[in-house]
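The values are calculated or read from the model by the stated rules, or taken from the named source; none is laboratory data. Values in this document were obtained by computation on a predicted structure and should not be read as measured data. Positions of Cβ are generated from backbone atoms using ideal geometry, with glycine treated the same way; all protein chains shown enter the neighbour counts. Surface accessibility is based on the protein's heavy atoms, side chains included, excluding ligands, DNA and RNA. Shrake-Rupley method; radii C 1.70, N 1.55, O 1.52, S 1.80 Å.
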Amino acid sequence: PEYQSKLIKVDKASTREVNLKIKGMTCEACEEHVKHEVYKLTGLLTLSVSYTNKNALITFDTTKTSIKEIEKAVEKAGYKITETKLK
């Protein structure tokens, strides 16, 4: 399925990019599980999930969501975050 961001306008000063290292993804279906949960959050600008790289790159609006909320969504999908790096 195609995912669309719920956010229309954003102040660049409030955007952050985070790289989450994720343990447990083994196939493309795993990527979809992560996307499905993370896209329930408001304020996402971009989301790229790769089971081969074992990570998710996410750009988000800090006034709409937080890294903690994103981490909770990934864990709700059934995966473990091993590292969080802000860019």
For this session: Just give me the residues in segment 49-87 being farther than 10 Å from Leu20 by Cα and touching a Cys at 6+ places or on another chain (Cβ under 9 Å), in sequence order.
Result: Tyr51, Ala77, Gly78, Tyr79
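Looking at segment 1-28, which of the residues that are small (Gly, Ala, Ser) and modelled with pLDDT under 95 is most open to solvent (accessible area, probe 1.4 Å)? Before you say what the answer is, go through the steps one by one.
Going through segment 1-28, the residues small (Gly, Ala, Ser) turn out to be 5, 13-14, 24.
Those still in the list that are modelled with pLDDT under 95 too: 5, 13-14.
Values: Ser5: 46, Ala13: 91, Ser14: 14 Å².
The qualifying residue most open to solvent (accessible area, probe 1.4 Å) is Ala13.
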Exercise. What number of residues within segment 29-65 are loosely packed, with under 15 Cβ neighbours inside 10 Å and within 25 Å of Ala13 (Cα to Cα)?
Worked result: 6
For this session: Return the pairs, sorted by first residue and then second, in which the second residue is open to solvent by 40 Å² or more (accessible area, probe 1.4 Å), the first residue lies in segment 15-30 and is without any contact (Cβ under 8 Å) to a residue 24 or more places away in the chain, the beta carbons are less than 7 Å apart, and the residues are 6+ apart or on different chains.
Result: Glu28/Tyr51
Exercise. Is there a residue being loosely packed, with under 14 Cβ neighbours inside 10 Å, of a type in the set (Ser, Thr, Tyr) and over 13 Å from Thr15 (Cβ atoms) anywhere in segment 74-81?
Worked result: no
